[in-house]
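The values are calculated or read from the model by the stated rules, or taken from the named source; none is laboratory data. Only a predicted model underlies this, so the values are computations on that prediction, with no experimental measurement involved. As a convention, Cβ positions derive from the backbone with ideal geometry for all residues, glycine included, and neighbour counts pool all protein chains shown.
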Amino acid sequence: MTTILGIESSCDETGAAVVVDGHTILSNVVASQIDLHAQYGGVFPEVASRAHIEAISAVVRQALDDAGVTLGDIDAVAVTRGPGLAGSLLVGVNYAKGLALGRGLPLVGVNHLEGHVYSLWLVERDTPIVFPVVCLIVSGGHSEIVLITGHGEYTVLGSTIDDAAGEAYDKVARLLGLPYPGGPAIERTARDGSATAYHFPRALSGDGYNFSFSGLKTAVLRAVQPPHEGPRPAKGEGMTSSQRRDDINVPDVAASFQAAVVDVLVDKTVRAAQEHGATELWIAGGVSANQALRAAMTERSPVPVRVPPMKLCVDNAAMIAAAGYFRYLHGYRDDQAMDILPMWPLVSIKDAMTQAE
């Protein structure tokens, strides 16, 4: 039995968790900063890093207490090394280094995107997972289609060339005067609207697996602003009634926008699964909580679809501990010289070990 303490601080959630053998969650504590950042309409990096400093010790203590273990029961410390906000990552990595050094524990740096992948290993399943699988990772900062051929073996088939899906949700929510975070707000509003009221573009809908949502965001802006367009709303502010066209039905815009995002995500991911012989299709990351995306993917996928429970869609440390467990089994170790990697791409564990040498 291998017990991993996971620590997550890549963006605006401070998380700590204890996971056994990569799949059994003993505890999973998350301190959210949503209320802190809502006034800005998005994550304010300096505020985020300071909030992590204030929360991390208490969160780790609670995770250990909830799991009924002490640091003496921990076999390794896994921590998000990147990608993410530099200031936020520093808090988690330095705290993890201190714990590892003080207790003589192995230290394992984990890629945040890999963590989202391993959120699927924390779910009870009726049938075993057989590789290869295709995973769509969708969150506020990432939209990627990944081919997974084994534990720690990844090939990124496509990614966003501009805005990520979650980022587009946040920006469009501001345009519509909806609250932050934009994903849940647009999903709720879209339930009362028509997905065919507006025909928004499906960018890069042809060959390839890359995404582009910047043009979609601009199309929504042009649809909702009057011809004599005034100044765009400042960051953290939504459009006022005087800045929106009088004939705009916000639920219709929200539903049509969401349909455009879901169509592209589903089309490309399903095609990737078909073309690479995937046995299953996975969705992970914050946007995987979107019910329209889940329903459309399940309906159109030729293979079984797995999604994490809602509580594991958001950033959390249990997924980092799970990913850290498999890195630990592969012999992956970091030392006290480990630095953060804010732009760290998702690479196979063997490649990551080679780069670290």
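In this structure, does Ile137 turn out to be in contact with a Cys (Cβ under 9 Å, 6 or more places away or on another chain) and either surrounded by fewer than 21 Cβ atoms within 10 Å (Cβ to Cβ) or closer than 24 Å to Thr298 by Cβ (or both)?
Answer is no for this residue.
Identify, from the list Ala38, Ala48, the residue that is under 20 Å from the mean Cα position of the chain (by Cα) and more than 30 Å from Val347 (Cα to Cα).
Numbers: Ala48 fails: more than 30 Å from Val347 (Cα to Cα).
Of Ala38, Ala48, the one residue that is under 20 Å from the mean Cα position of the chain (by Cα) and more than 30 Å from Val347 (Cα to Cα) is Ala38.
Checking Gly84 against (1) surrounded by fewer than 24 Cβ atoms within 10 Å (Cβ to Cβ); (2) in a loop (DSSP other than H, G, I, E, B), which test does it fail?
So the condition that Gly84 fails would be (1).
Please go through (1) at pLDDT below 95; (2) in a helix (DSSP H, G or I); (3) within 17 Å of the chain's Cα centre (by Cα) for Val314 and return the number of the only condition it doesn't satisfy.
(2)
When the range 87-100 is examined, which residues are found to be small (Gly, Ala, Ser) and surrounded by 18 or more Cβ atoms within 10 Å (Cβ to Cβ)? Steps first, please.
Kept after step one, since they are small (Gly, Ala, Ser), are these residues of the range 87-100: 87-88, 92, 96, 98, 100.
If the condition is that a residue be small (Gly, Ala, Ser) and surrounded by 18 or more Cβ atoms within 10 Å (Cβ to Cβ), then Gly87, Ser88, Gly92, Ala96, Ala100 are the ones that fit.
Conditions: (1) surrounded by fewer than 24 Cβ atoms within 10 Å (Cβ to Cβ); (2) outside any helix (DSSP H, G or I). Ile145 meets all but one. Number of the miss?
Going through the list (1) surrounded by fewer than 24 Cβ atoms within 10 Å (Cβ to Cβ); (2) outside any helix (DSSP H, G or I), Ile145 breaks only (1).
Please go through the range 203-216 and give me each residue that is surrounded by fewer than 18 Cβ atoms within 10 Å (Cβ to Cβ) and of a type outside the set (Asp, Glu), ordered by number.
Ser205, Gly206, Gly208, Asn210, Ser214, Gly215
Among the residues of the range 52-67, are any closer than 14 Å to Ile340 by Cα, out of contact with any Phe, Trp or Tyr (no Cβ under 9 Å at 6 or more places or on another chain) and in a helix (DSSP H, G or I)?
Applying the first criterion (closer than 14 Å to Ile340 by Cα) to the range 52-67 yields none.
Checking the range 52-67: not a single residue is closer than 14 Å to Ile340 by Cα, out of contact with any Phe, Trp or Tyr (no Cβ under 9 Å at 6 or more places or on another chain) and in a helix (DSSP H, G or I).
Can you find a residue in the range 6-13 that is crowded, with 18+ Cβ neighbours inside 10 Å, without any contact (Cβ under 8 Å) to a residue 60 or more places away in the chain, in contact with an Asp or Glu (Cβ under 8 Å, 6 or more places away or on another chain) and not in a strand (DSSP E or B)?
no
Could you give every pair whose Cβ atoms fall below 6 Å, whose first residue belongs to the range 23-42 and is small (Gly, Ala, Ser), and whose second residue is assigned to a strand (DSSP E or B), counting only separations of at least 6 or pairs across chains?
Pairs that qualify, where the first residue is small (Gly, Ala, Ser) and the partner is assigned to a strand (DSSP E or B), are Ser27/Ala17; Ser27/Val18; Ala31/Thr14; Ser32/Glu13.
Tell me which residues, restricted to the range 253-293, are in contact with a Leu (Cβ under 6 Å, 6 or more places away or on another chain), in a helix (DSSP H, G or I) and more than 19 Å from Ile186 (Cα to Cα).
Matches in the range 253-293: Thr269, Ala272, Ala273.
Quick one: in the range 21-76, which of the residues that are among the hydroxyl-bearing types (Ser, Thr, Tyr) and within 17 Å of Glu8 (Cα to Cα) is surrounded by the most Cβ atoms within 10 Å (Cβ to Cβ)?
The qualifying residue surrounded by the most Cβ atoms within 10 Å (Cβ to Cβ) is Ser27.
Just give me the residues in the range 321-338 being in contact (Cβ under 8 Å) with a residue 60 or more places away in the chain, closer than 18 Å to Ala100 by Cα and not in a helix (DSSP H, G or I), in sequence order.
Tyr332, Arg333, Asp334, Asp335, Gln336, Met338, listed by residue number.
For the range 117-131, check the following and say yes or no: at least one residue is more than 15 Å from Gly152 (Cβ to Cβ) and of a type in the set (S, T, N, Q). Outline the logic, then answer.
Initially, the range 117-131 is screened for residues more than 15 Å from Gly152 (Cβ to Cβ), giving 119, 122-128, 130.
With of a type in the set (S, T, N, Q) added as a condition, the list becomes 119, 127.
Yes, that holds for at least one residue.
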